[in-house]
Amino acid sequence: MKQNGHVQLIGNSTVITELKAELERVARSDAKVLITGESGVGKEVVARAINVASPRASEAFVPVNCAGIPETLLESELFGHVKGSFTGAYRDKPGKLEMADNGTIFLDEIGEMTLRMQGLFLRFLETGEIQKVGAERMSVATNVRVIAATNRNLRDLIAQGQFREDLFYRLNVIHLVVPPLRQRREDIPALVEFFLRRFAGPDSTVGANGHAGNGANGSGNGHGGPNGYRYTVRAISPAAITALSEYPWPGNVRELENVIERLVVTGRREVIEVDDLGPEIRKPSSIGGRPRKERRRTIADELFKKLVDDRESFWTSVYPMYMNREITRSNVRDLVHKGLEEARGNYRIVLRLFNMETRDYKRFLNFLRKHDCQLPFKEYRQ
Ligand SMILES: Nc1ncnc2c1ncn2[C@@H]1O[C@H](COP(=O)(O)OP(=O)(O)O)[C@@H](O)[C@H]1O
Ligand SMILES: [Mg+2]
């Protein structure tokens, strides 16, 4: 669990530095904020950082995840319910909106809200009225700061009739974009160090002199390691940091965090080396070391940029162009080649790089097979 009032947005890349400055400014106002970015980039960290920097820092910060819970539960979660309003409602329960009065509500994955919930929430934004499930009278919460986040493209959802345009404009007063980790690789070493300290203890990492005062992972845990820590790992080699910096991180900071935790928990040597990293991460030298010579941008480069940098989905950009014969089979093959290179032969990572859902895996491979665009992944592994 993340503690309130203790948020660190690690990173010194230009984008993160600018983002930090912007969120400090944004924190002073009560304006609604929409945070977008791929899954795992740190949208919740940004939301918490805004709260901590705001005059509301000492008030409640109430996160609500709109994904993966049935609409009726989400309604009762947000608006509360009264005793007896449904089976299991043994007593009155306040909603999260009410709990966030004077503070901040963080609506995560707002793109997953049903249209009906969007309507209820919009009414709350307009009037401050809260209709508890099963209640006859309205209550109000008029001083809630709203921060919302999503990894979906809300404009696409609007076009598909799945997201209300009026709600979008209400939420989108200030829009903060958190870029994927592969577009700010300079942040990777600092993040690695941060997570290493979190999991291996405050004195870990080459050149780090121990910060006293962070007892959370400290010697209290300890049996085992020479310094009294639970685990053996104390540091990470420069070559391993380089390899980590070159991996595309489709799962972003969350994936990096998990990798470091796994390395610390399973590591048997004090220093993490390149060969401790998984085969996906251990880089074939052709990738990061590839000389980025000047060369003409090809159509495949343009397509790749559309998908990976502009975050368009393969299905809505490349697929229709191919079906309409605006691009050729060999363009698509070149694109797949670039994807496999970046993903080191892992089609599932290609899927995510090209902004498709996990469940599209079969459909994607079937498409490639049918149009003779499937390249043998083995050649991209090392
Ligand atoms: N810049 C950052 N500095 C430190 N930790 C981060 C950063 N970005 C993300 N994390 C960590 O990575 C994980 C995923 O972040 P989260 O904010 O939940 O991502 P999102 O909401 O975008 O999916 C969390 O454990 C979070 O603490
Ligand atoms: Mg999140």
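Annotations for the structure displayed:
- Hits in segment 19-64 - residues which are over 14 Å from Thr104 (Cα atoms), open to solvent by 50 Å² or more (accessible area, probe 1.4 Å) and under 18 Å from the mean Cα position of the chain (by Cα): Lys20, Ser39
- Taken together, the residues in segment 229-256 that are of a type in the set (A, V, I, L, M, F, W, C), assigned to a helix (DSSP H, G or I) and either without any contact (Cβ under 8 Å) to a residue 40 or more places away in the chain or surrounded by fewer than 22 Cβ atoms within 10 Å (Cβ to Cβ) (or both) amount to 4.
- Members of segment 322-337 found to be open to solvent by less than 40 Å² (accessible area, probe 1.4 Å) and assigned to a helix (DSSP H, G or I), listed by number: Tyr322, Asn331, Val332, Leu335, Val336
- Residue within segment 153-167 that is under 21 Å from Asp30 (Cβ atoms), at pLDDT 95 or above and over 22 Å from the mean Cα position of the chain (by Cα) present: yes
- Across segment 297-310, the qualifying residues are those that are surrounded by fewer than 17 Cβ atoms within 10 Å (Cβ to Cβ) and touching an Asp or Glu at 6+ places or on another chain (Cβ under 9 Å), and the one among them that is nearest to Ile327 (Cα to Cα) is Ile299.
- Within segment 343-364, residues that are free of Cβ contacts under 8 Å to residues at least 24 places away in the same chain reach partners that are among the aliphatic types (A, V, I, L, M) with beta carbons closer than 6 Å, at six or more positions or on different chains, in the pairs Val350/Ala343; Tyr361/Leu351.
- One residue alone among Val259, Val274 is more than 30 Å from Leu34 (Cα to Cα), open to solvent by less than 60 Å² (accessible area, probe 1.4 Å), modelled with pLDDT of 90 or more and not basic (Lys, Arg), and that residue is Val274.
- Filter pass, Leu34 being outside any helix (DSSP H, G or I), under 30 Å from Asn355 (Cα atoms) and in contact (Cβ under 8 Å) with a residue 40 or more places away in the chain: yes
- Near pairs, Cβ below 6 angstrom, 6+ apart or cross-chain, from segment 42-53 (closer than 19 Å to Arg184 by Cβ) to any residue that is open to solvent by 30 Å² or more (accessible area, probe 1.4 Å): Val45/Leu9; Ala49/Val7; Ala49/Leu9
- Failed condition for Asp101, given (1) among the charged types (D, E, K, R); (2) open to solvent by less than 60 Å² (accessible area, probe 1.4 Å); (3) within 16 Å of ligand 1 (Cβ to nearest atom): (3)
- Lys362 open to solvent by 70 Å² or more (accessible area, probe 1.4 Å) and out of contact with any His (no Cβ under 9 Å at 6 or more places or on another chain): yes
- In this structure, Glu59 qualifies as more than 28 Å from Leu353 (Cα to Cα), more than 16 Å from ligand 2 (Cβ to nearest atom) and not β-branched (Val, Ile, Thr).
The values are calculated or read from the model by the stated rules, or taken from the named source; none is laboratory data. Here the structure is a predicted model, which is why all the values come from computation and not from measurement. Backbone-built Cβ (ideal geometry, glycine too); neighbour counts: all protein chains shown. Please note that ligands, DNA and RNA were not included when accessible areas were found on the heavy atoms of the full protein model with its side chains. Shrake-Rupley method; radii C 1.70, N 1.55, O 1.52, S 1.80 Å.
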